[in-house]
Amino acid sequence: MLRIAHALDAQLRAALERAFPQHVAAALEAGAPLDPQLAPASQPEFGDFQANGALSLARRLKQPPRAIAGAIAEQLAADPAFTALCEPAQIAGPGFINLTLRPGRLAEELRSRLGDARLGVPPVTTLTPAVIDFSSPNIAKEMHVGHLRSTIIGDALARVLEFRGHPVLRLNHVGDWGTQFGMLITHLKQVAPEALTTADAVDLGDLVAFYRQAKARFDADEAFQATSREEVVKLQSGDPVTRRAWQLLCEQSRREFQQIYDRLDIRLSERGESFYNPYLESVVADLEACGLLVSDAGAQCVFLEGVSGKDGKPLPLIVRKSDGGFNYATTDLAALRYRFAAPPEGDGARRLIYVTDAGQASHFAAVFQVARRAGWVPEGGRLEHVPFGLVQGDDGKKLKTRSGDTVRLKDLLEEAVERAEADLRRRLAEEERQEEEAFITHVATTVGLAAVKYADLSTNRNTNYQFSFDRMLALSGNTAPYLLYALVRIAGIARRGGVGAGEGDEAGVFPDPLVFSEPQEWALARQLLALDTVIAEVEEELLPNRLCSYLFELSQVFNRFYDQVPVLKADEPARGSRLALCRLSADTLRLGLGLLGIPTLERM
């Protein structure tokens, strides 16, 4: 109900100005305008909205809160626009103003969503170009369960911002540069030299095993170590043979990564650490020109403000090591500066979002501070670290295989689909249903992958969560299978009533106006109308679990409505109005799940 909320906020501010003209004028002149503090009602019995500003205004206006609330309510009663929108304002407690929308206005707002692909969610009027940095695996290392949260959360946030209308650059900041490549390139040249001259001569196969072999040689052989260090210098200086070996390793990893991204329906533009290598020298030069750079024990660093070590001295952010090399902080500073810079020198972003584990919070806090002090953040630019907790096993510890290894993401996804297929076959046998193998494969794949995604997204990202196939694949509770099944059921009701997806968009199909008389109808109508507010909250707070909670609650509110109120057997106009609720419920679940990156099903 964003549109209604904006209208009410304007009416409240106008009423406040009419009630207290001198105070409002003085507050505006001082740059601290009086705020009616409009918010959704905390409880259904309080109406649809509450204006809580009278309490905080009491000191400034030197009047009791209830007197202030009464004066505002009196002015609202004289405003025809307000009286057409709301029932008379009610003053509660020490000075809360409770506002209840008129039923006709609610029904009108609901009907305007029928046939609207956006379901009443307005696109933003002010575009904020955003870069979302997520997933970010390392070349020659396999994607594991630790990449799961970054990939899924980052994709959901990108979908929400794109839906709102913001230009979004989805960046995969791949670890494709650094000292480990000297080791890998040396190993490749020695065990498969033909790969450097003949296309596809060698299939590196399991890159993880290849990495382990190279690492074992590096740890045990000093000559191999020396050659590896020489290869790093060659790589950085652009030696063509070394570059060819590096490209071969990167291409092999990309193919492996892309299989997982395709399976999860993740869109990403790769821009590895190597992209920013040409900019590292200028980052250090800029910091020196700003007077921020300090030499300490041979390293060049920026000492952080307000961040001290155990000795009480400011901690440094090292941007050039004592051996002259650069590190992650230098690359992240170069990336940040490039992303904010105007085209063609950069991406022209105004909002940078980094989706990484919570363990990197102090690193990004330091990088952000240095960037701000260097003047690289434009006016109005936003820097946001989106941290997330660990994926844990049933023992409450970091999820591992039985042998103690990190769980490969590929294996985890395959097991989810296999378990979903087993559950589906068991249910089909119990129901004595016969289905084509293609149907079983499609449903099992959709449900299995959706279950993994939703289990992650429905948890507040700031917390750890326990990974449990049994819980996430359950057909009850706040799970993807439950919501997918709820959507199938609701869409089926709408189809039987002749208003399924793709049908009933014409204005004459549904009653005009929609007519509701039961409390269950109004509860469902209000839940449906809250969609735009929830999406706006996710856009601002970057918490996908808010959308998950909304969709789960919507399915529960719908179940109460359908269990207690007849739909298909009702008389008109109640039948058509209730079918409108069914159609909008199905459309809302479909849209919401789509924003979470979860495809839906026609049948289960």
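The values are calculated or read from the model by the stated rules, or taken from the named source; none is laboratory data. Since the structure is predicted, the reported quantities are computational estimates derived from the model, not experimental observations. Counting neighbours? That spans all protein chains shown, and the Cβs are built from the backbone with ideal geometry, glycine included. Keep in mind that these areas ignore ligands, DNA and RNA; they rest on the heavy atoms of the full protein, side chains included. Shrake-Rupley method; radii C 1.70, N 1.55, O 1.52, S 1.80 Å.
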Lone qualifier among L601, L568, L528, L554 - being in a loop (DSSP other than H, G, I, E, B) and within 21 Å of G477 (Cα to Cα): L601
Enumeration of residues in segment 341-366 that are touching a strand residue (DSSP E or B) at 6+ places or on another chain (Cβ under 7 Å) and assigned to a helix (DSSP H, G or I): A358, A361, F364, A366
Residue check, A494 modelled with pLDDT of 95 or more, under 18 Å from D587 (Cβ atoms) and open to solvent by less than 20 Å² (accessible area, probe 1.4 Å): no
Qualifying residue in segment 440-450 (condition: out of contact with any helix residue (DSSP H, G or I) (no Cβ under 8 Å at 6 or more places or on another chain) and farther than 16 Å from T151 by Cα): yes
Any strands (runs of 3 or more DSSP E) falling wholly within segment 79-133 and containing at least 1 residues that are open to solvent by 50 Å² or more (accessible area, probe 1.4 Å) and not basic (K, R): 90-92, 96-99
Residue tally, condition under 18 Å from D470 (Cβ atoms) and either of a type in the set (A, V, I, L, M, F, W, C) or in a strand (DSSP E or B) (or both), over segment 369-424: 11
All positions within segment 444-503 that are among the small types (G, A, S) and within 22 Å of R113 (Cβ to Cβ): A486, A491, G492, A494, G497, G498, G500, A501, G502
Count of residues meeting criterion [open to solvent by 50 Å² or more (accessible area, probe 1.4 Å) and closer than 16 Å to A19 by Cβ] in segment 58-74: 6
Residues of segment 414-438 classified as closer than 20 Å to L483 by Cβ and more than 29 Å from the chain's Cα centre (by Cα), total: 3
Boolean, L249 is in a strand (DSSP E or B) and either open to solvent by less than 80 Å² (accessible area, probe 1.4 Å) or of a type outside the set (F, W, Y) (or both): no
Filter pass, E273 being at pLDDT below 95 and touching a helix residue (DSSP H, G or I) at 6+ places or on another chain (Cβ under 6 Å): yes
The one condition in (1) within 38 Å of the chain's Cα centre (by Cα); (2) crowded, with 20+ Cβ neighbours inside 10 Å; (3) farther than 30 Å from A586 by Cα that A32 fails to fulfil: (2)
Output for segment 140-161, where each listed residue is modelled with pLDDT of 85 or more, under 23 Å from K398 (Cα atoms) and not charged (D, E, K, R): M143, H147, L148, S150, T151, I152, I153, G154
Checklist (1) in contact with a strand residue (DSSP E or B) (Cβ under 7 Å, 6 or more places away or on another chain); (2) assigned to a loop (DSSP other than H, G, I, E, B) applied to A5, failing item: (2)
Those residues of segment 134-190 which are among the small types (G, A, S) and assigned to a loop (DSSP other than H, G, I, E, B), in sequence order: S135, S136, A140, G165, G178
Residue in segment 299-315 that is nearest to F368 (Cα to Cα), counting only those that are modelled with pLDDT of 90 or more and more than 34 Å from the chain's Cα centre (by Cα): Q300
Segment 137-188, subset touching a Phe, Trp or Tyr at 6+ places or on another chain (Cβ under 9 Å) and hydroxyl-bearing (S, T, Y), residue surrounded by the fewest Cβ atoms within 10 Å (Cβ to Cβ): S150
Condition met for G381 (at pLDDT 90 or above, more than 27 Å from I152 (Cβ to Cβ), open to solvent by less than 40 Å² (accessible area, probe 1.4 Å) and out of contact with any Leu (no Cβ under 7 Å at 6 or more places or on another chain)): no
Extreme residue, least open to solvent (accessible area, probe 1.4 Å), among residues of segment 341-365 that are under 23 Å from the mean Cα position of the chain (by Cα) and more than 19 Å from L157 (Cβ to Cβ): G348
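The rows are residues; the columns are (1) touching a strand residue (DSSP E or B) at 6+ places or on another chain (Cβ under 8 Å); (2) in a loop (DSSP other than H, G, I, E, B).
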position: K453; (1), (2): no, no
position: N462; (1), (2): yes, yes
position: N478; (1), (2): no, yes
position: G500; (1), (2): no, yes
position: V509; (1), (2): no, yes
position: V515; (1), (2): no, yes
position: W522; (1), (2): no, no
position: D532; (1), (2): no, no
Hey, R560 part of a helix (DSSP H, G or I), touching a helix residue (DSSP H, G or I) at 6+ places or on another chain (Cβ under 7 Å), open to solvent by 40 Å² or more (accessible area, probe 1.4 Å) and within 30 Å of R382 (Cβ to Cβ) or not: no
Matching entry among D265, D239 (being among the charged types (D, E, K, R), in contact with a Pro (Cβ under 8 Å, 6 or more places away or on another chain) and modelled with pLDDT of 90 or more): D265
Flag for A39 being surrounded by fewer than 19 Cβ atoms within 10 Å (Cβ to Cβ) and free of Cβ contacts under 8 Å to residues at least 40 places away in the same chain: yes
